[in-house]
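What follows is a set of notes on a single structure, which appears directly below.
What follows draws every value from the coordinates through simple rules; no lab data is involved. What you are looking at is a predicted structure, and each value in this text was computed from that prediction instead of being measured. Cβ: placed from backbone, ideal geometry, glycine included. Neighbour counts: every protein chain shown.
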Amino acid sequence: MTWLRLLLITVVLRPWARLMTGADVIGREHLPLTGPAIIAANHNSHVDTLLLLTLFPARTLARVRPAAAADYFLSNPAISWVSRNLIGIVPVDRSAVGSGVDVLAPARAALENGDILIIFPEGTRGEAGEDMAPLKSGVARLAEACPRAPVTPVWIQGAGRVLPKGAHIPVPMTCAVLVGEPIHWTGDRASFMAALKQALEALHAQAPPLKWCETD
Amino acid sequence: MTKLADTLQLIGASPLAWGCAVVAAFLIAGSAAALILPRTSAGPDFADLGKRMISWWVIIGLTAGSLVGGWQGTSVLFAIVSFLALREFLSLAPARREDRLIILLAYLTIPISYLFVIINIYMFYLVFIPVYVFLALPFLMACIGQTRGFLASSATIHWGLVTCVYNIGFIPLLMRVPRWDAPQAGAVGLVFLLLVATEANDVFQYVVGKLIGRRKIAPKVSPGKTWEGFLGGCVLTTALIILIGPDFTPLRGVGLWVVALSLPPVGFAGDVTFSAIKRDIGVKDTSHFIPGHGGVLDRLDSLTFTAPLYFHLLAYYALATY
C-alpha cells in the first residue's frame, strides 16, 4: 500500500491542498526530513493533517505518520482502512485514557522505528480564530521516551475556515503554515510543555490575521 | 517618432518580436544586477532581488506563453490568476462564519464570467458581476438569515469580485479583438501594451521614488510613496505609451494621449487603494505565493484598476469590436 499512499499524496493531495489552501509555508527549512521526530501542531480541521502530509518531500513521506484518535478514525471499516493505509495514522485510543492501558504505546513504537510523528497536542479540533486549547501532556511523555527526537512546532493558520469542525464542504481559503525551530526534551514535563506552548504562541503571533466578523 | 521600431521593422521584425526582445533584455539586465548588487557595499538592500527576478522570469514566461495560446490560453491563465487573487482577498477580509457557502459561490462567478468570454457575448459579461451577482449574493445571504454585519459582508465580497474577477477579465476580452480591428500587432499587441505600461509604471514610480523621493504623498496609507516618485513615474510611463503605443495598438492622436495620461495615475490609485485595504487588515503582503513579491494581489493591484480603463478607452477611441 506504500506506493498507493505515496501516489495519492503527491498526485492528488498536493494539487488539492494548493487549490484549497495555497499552502503558504513559512520556515520550511525547519521541517525534519529524517526520523525519529515529532511535529506538534495546532488543530482546527481535518485539513490540518492532509496539509501537513503535502509539505514533505516524497522520499520522506513513507516515514511521516499522523497520530489520530482511534475512537474516531477506526470507527467504521471504510474510514479505518483509509486512515491506516492511505493516511498512515498511528492510533491513539482516547477512550482508554486513565484506564491503565498504555495509549501511547503505538506512537512510541513509531518513534522507535524512526518515524516522523505528527501530533496535535490540543487533543481535538478547536475553532478557527480562537485561542489554542490547553495542551495535553502526551507529547511530553513521547519526547521523554524518545529524547533524541526533536519536536518541531507548527502553526497552521486558516485551515479551520477551509473545513471547520462539523462542516462537510471545503471552501478554498489561503492558509499559512508556520514552521518553528525544533525544541528538545528539557528534562521535565512542566518546562517542556511551557516551551512548546511558548513556541506555538510565538508562531501564532507571526501568522497573518484571521478574521471572523463578530456575529454573536 | 519610433526610429528604433522602424529600423527593426526594416530588418523584418514585428513590433511584438522587438517588444519581447526589449522585455527579455530588461529581465537579463535585472538578473545580472541581482547577481552583482548583493556583493557590493549596498548588498543587504538587494538581498531578495534574486528571488524577485526569478519570480519575474516565471510571471513573464507564463504570460508570454498564454498570449501565444491566443484568447483561450489567456483566459485559462487569467481565470487562475483571478481565483488566486480572490482567494487571497476573501481569506484576508473579515468573513462571517455563515458566509462560507456564499464564498464558494463567489468563486463560481469565475467560470461563469469566462463562459461569456468563450461564447464571446460582451454584453452578458458586462452586466453579470456588477448587476446580477451584485443582487443575487446578498439575496442568498439574506436567505441564510444572519443579519448582523450583513451590509459590510456583502460589500466586502462584491469588492473582491469586481477587482479580482470582473476587472481582470477585461484582459481576455481584449484578446477577442480580431486582427482587422488591431492590425498593428493584433489582440496580443493590445494586451502587451497594457501589461508593459502597468508594470513599468509600478517600477518607474518605485525607482524614481527611491532615487529622488522626499515628500510623502500618502503618509497614512502608503508611507513609502512620494510625490517625486508619483510624478516621475507618470512622466516616464506617459512617454513610454506615446512612444510605443502606435506600434502595438490602433491608438492615435487624442485617444493615445488620453490613455498615456490617464493610465499612470490610475495604476498608482490601484496600488494605494490596495495598500489601504492591507493596512486595514493588518498585513504587509497578501500572501507569500510569489517569492520576493508577496501575494498575487500585491502584483495585481494596479492592473485591477488599469485594465478596465484601458479597455474602455480603447473601445471608445480605436476599436470597432466593442
Item to check | For the range A:181-186, 3J(HN,Hα) per residue [Karplus equation, 6.51 cos²θ - 1.76 cosθ + 1.60, θ = phi - 60°, Hz, x = Gly/Pro] | outcome: 5, x, 10, 10, 4, 8
Next on the checklist: I need the trypsin sites (Lys or Arg not before Pro) found in the range A:137-216, filtered to DSSP loop residues with at most 11 other beta carbons within 10 Å of theirs.
Outcome noted: A:Arg148
Checklist outcome for this item: Under 5 Å from the placed amide H of A:Ala68, counting only residues 5+ away or on other chains, we find A:Val90, A:Val92
Checklist entry - How far apart, in nm, are the 7 Å Cα→Cβ label points at B:Arg148 and A:Ala78? => result 3.8
Checklist entry - Arranged from highest to lowest average of other beta-carbon atoms within 10 Å per residue, in what order do the peptides B:261-267, B:51-57, B:142-148 appear? => result B:261-267, B:51-57, B:142-148
Checklist outcome for this item: Each label sits 7 Å from Cα toward the beta-carbon; between A:Ala96 and A:Ala109 the label points are separated, in nm, by 1.0
Item to check | Dipole-positive endmost among B:Leu67, B:Phe150, B:Pro183 within the protein assembly as shown (Cβ charges, Cα centre) | outcome: B:Pro183
Next on the checklist: Restricted to Cα positions, what overall size does the range B:219-319 have along the principal axes? Three whole-Å values, descending.
Outcome noted: 44, 27, 22
Checklist entry - Amide H of A:Ile26: which non-local residues (sequence gap of 5 or more, or other chain) have their own amide H closer than 5 Å, using H built in the peptide plane? => result A:Val177, A:Leu178, A:Val179
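Rounded to a whole number of µm²/s, how large is the Stokes-Einstein D of the protein assembly as shown at 37 °C and 0.692 mPa s, given Rh as the Kirkwood radius over C-alpha pairs?
On the way: Rh = 25.8 Å.
Answer, rounded: 127 µm²/s.
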Item to check | Sorted largest first, extent of the range B:101-247 alpha carbons per principal axis (Å) | outcome: 54, 48, 18
Item to check | Under-5 Å amide H pairs with B:Thr226, H placed in peptide plane, nonlocal only | outcome: B:Ile217
Checklist entry - For chain B, modelled as a Gaussian network with Cα springs under 10 Å, which listed residue fluctuates most, B:Phe124, B:Phe230, B:Phe83? => result B:Phe124
Checklist entry - Tell me, what ³J(HN,Hα) does each residue in the range B:155-167 have, in order and in whole Hz, if you take phi through Karplus 6.51 cos²θ - 1.76 cosθ + 1.60 with θ = phi - 60° and put x for Gly and Pro? => result 5, 4, 4, 5, 4, x, 5, 5, 6, 7, 9, 4, 5
Item to check | Taking chain B and dividing mean pair separation by its residue count, relative contact order in percent (alpha carbons under 8 Å, at least six apart) | outcome: 19
Next on the checklist: On alpha carbon coordinates alone, what is the Rg over Rh value for chain B, Rh being the Kirkwood radius?
Outcome noted: 0.98
Next on the checklist: Output wanted: per-residue J couplings in Hz (rounded whole) for the range B:136-149, from phi through Karplus 6.51 cos²θ - 1.76 cosθ + 1.60, θ = phi - 60°, x for Gly and Pro.
Outcome noted: 6, 5, x, 5, 5, 5, 5, 4, 5, x, 8, 9, 6, x
Checklist entry - Rounded to the nearest 5, what % of the DSSP beta bridges within the range A:2-206 are antiparallel ones? => result 25
Checklist outcome for this item: Mean-square fluctuation maximum in Gaussian network of chain B, Cα pairs under 10 Å, restricted to B:Thr40, B:Thr273, B:Thr198, hits B:Thr40
Checklist entry - On full extension of the chain, what length is gained from B:Ala17 through B:Ile118, given 0.36 nm per residue of separation minus the C-alpha to C-alpha distance? => result 33.6 nm
Checklist entry - Could you state the per residue volume, in Å³, of the convex hull enclosing the Cα atoms of the range A:2-206? => result 116
Item to check | Selected from A:Leu111, B:Leu77, A:Ala199, residue furthest toward positive end of dipole (the protein assembly as shown; charges at beta carbon) | outcome: B:Leu77
Checklist entry - Under the Kirkwood approximation applied to all pairs of distinct alpha-carbon atoms, what is the hydrodynamic radius of the range A:92-180 in Å? => result 15.1
Next on the checklist: Once you keep just the Cα pairs under 8 angstrom separated by 6 or more residues, what percentage relative contact order results for chain A?
Outcome noted: 29
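Taking 26 Å as the cut-off for C-alpha to C-alpha distance, list the pairs among B:Lys51/B:Lys220; B:Lys51/B:Lys225; A:Lys136/B:Lys284; B:Lys210/B:Lys284; B:Lys51/B:Lys210; A:Lys165/B:Lys278 that go past it.
B:Lys51/B:Lys220; A:Lys136/B:Lys284; A:Lys165/B:Lys278
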Item to check | CD proxy at 222 nm, helix term only [per DSSP H run n ≥ 4: -39500 (n - 2.57); per residue of chain B; nearest 500] | outcome: -23500 deg cm²/dmol
